[in-house]
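Q: Quick one: structure below, then a few questions.
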Amino acid sequence: MKKIFCDKLKSNPVIVGLKDMSNLDDALKSDCSVIFLLCGTIFDVKDTVHKVKEAGKLIFIHVDLLDGFSKDTTALKYISSEICPDGIISTKNSILKAAKKLGLLTVQRVFIIDSLSIDTAVNASQLINPDAIEIMPGIMPRIIEKLSSSMDVPVIVGGLVSAEEDVSVAVKCGALGVSTSSKELWRTKIC
């Protein structure tokens with residue numbers, strides 16, 4: 001599954017960052033083949049995952065942002081067995097470790113605010129060994145280049161990405177994918 005994920009991003013590095021369910025139809029019609037679900041509740045997430053998979057796209061649920069679920073391994077087991085996403089996104093090491101044990105793809109989200117957070121991101125990627133790491137904000141070319149060259153996991157960037165140039169620069173600097181909630185970028189295939 002990790003190879004499929006990486007191949008889809010090599011074909012089109014733009015990832016839908018879906019933070020408003022009213023944009024689901026636009027996300028499904030887009031050329032993007034990966035969706036990061038950044039919203040949802042216990043009542044609608046299963047239906048959303050089904051629709052995304054039916055459209056032939058991969059879906060990752062940001063479990064830290066779901067309403068109605070506790071942020072523990074029991075909720076994660078339920079999400080894995082009953083909702084069946086392709087993977088999860090989280091900032092929490094314990095959740096990422098548990099998700100890997102359940103066979104889910106994992107994206108570790110980290111916020112880069114200073115040089116210490118860069119070192120923390122590298123160390124966390126070695127400790128957790130996620131399938132990818134998402135660094136935020138995604139508009140830091142030198143940092144993208146530094147992290148992508150110092151980690152053994154693919155780098156995805158997100159946050160504040162709003163122009164085609166942001167995507168192109170991120171990919172040139174070593175990012176495998178670029179997560180954005182900008183609907184205009186969902187309609188653009190950037191290779």
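Throughout, read-outs are computed from the coordinates displayed, never taken from laboratory work. Since the structure is predicted, the reported quantities are computational estimates derived from the model, not experimental observations. For neighbour counting, all protein chains shown are included, and Cβ atoms are generated from backbone atoms with ideal geometry for every residue, glycine included.
Q: Please give the FRET efficiency for SER94 paired with LYS183, using the beta carbon to beta carbon distance and R0 = 25 Å, rounded to the nearest 0.05.
A: Taking R0 as 25 Å, the efficiency between SER94 and LYS183 is 0.15.
Q: Long-range amide H contacts for ILE59: which residues qualify at under 5 Å (H placed 1.01 Å from N, peptide plane, sequence gap of 5 or more or a different chain)?
A: HN-HN under 5 Å from ILE59: ILE35, ASP86, GLY87.
Q: Here is a further query. Take the alpha-carbon positions of the range 1-96, form their convex hull, and give its projected area averaged over all directions (one quarter of the hull surface) in nm².
A: Value for the range 1-96: 5.9 nm².
Q: Considering amide H positions built from the backbone, and no H for Pro or chain starts, which residues 5 or more places from VAL14, or on another chain, come under 5 Å of its amide H?
A: Close amide H contacts, sequence-distant or interchain: VAL178, ILE190.
Q: Which of ILE118, ILE59, ILE35 ends up with the largest GNM mean-square fluctuation for the chain, with Cα atoms connected below 10 Å?
A: Taking springs between Cα atoms under 10 Å, the residue moving most is ILE118.
Q: Classify the range 36-191 as rounded, prolate or oblate, taking a ≥ b ≥ c as the square roots of the eigenvalues of its Cα gyration tensor: rounded when a/c is under 1.5, otherwise prolate if a/b is larger than b/c and oblate if not.
A: oblate
Q: Here is a further query. Rounded if a/c is under 1.5, else prolate if a/b beats b/c, else oblate: with a ≥ b ≥ c from the C-alpha gyration tensor eigenvalues square-rooted, which is the range 2-56?
A: Prolate, since a/c reaches 1.5 and a/b exceeds b/c.
Q: Would you kindly derive the ³J(HN,Hα) couplings of the range 107-112 from the backbone phi angles with the Karplus curve 6.51 cos²θ - 1.76 cosθ + 1.60 (θ = phi - 60°), listing them in order in whole Hz, with x for Gly and Pro?
A: 10, 8, 9, 10, 9, 9
Q: Loop only by DSSP, 12 or fewer other Cβ within 10 Å of the Cβ. Give me the trypsin sites (Lys or Arg not before Pro) in the range 96-149 that pass, ordered by residue number.
A: Nothing satisfies the criteria.
Q: Further, regarding this structure: Can you compute the helix-only [θ] at 222 nm over the chain? Use -39500 (n - 2.57) per DSSP H run of at least 4 residues, normalise by all residues, nearest 500 deg cm²/dmol.
A: Computed mean residue ellipticity for the chain: -11500 deg cm²/dmol.
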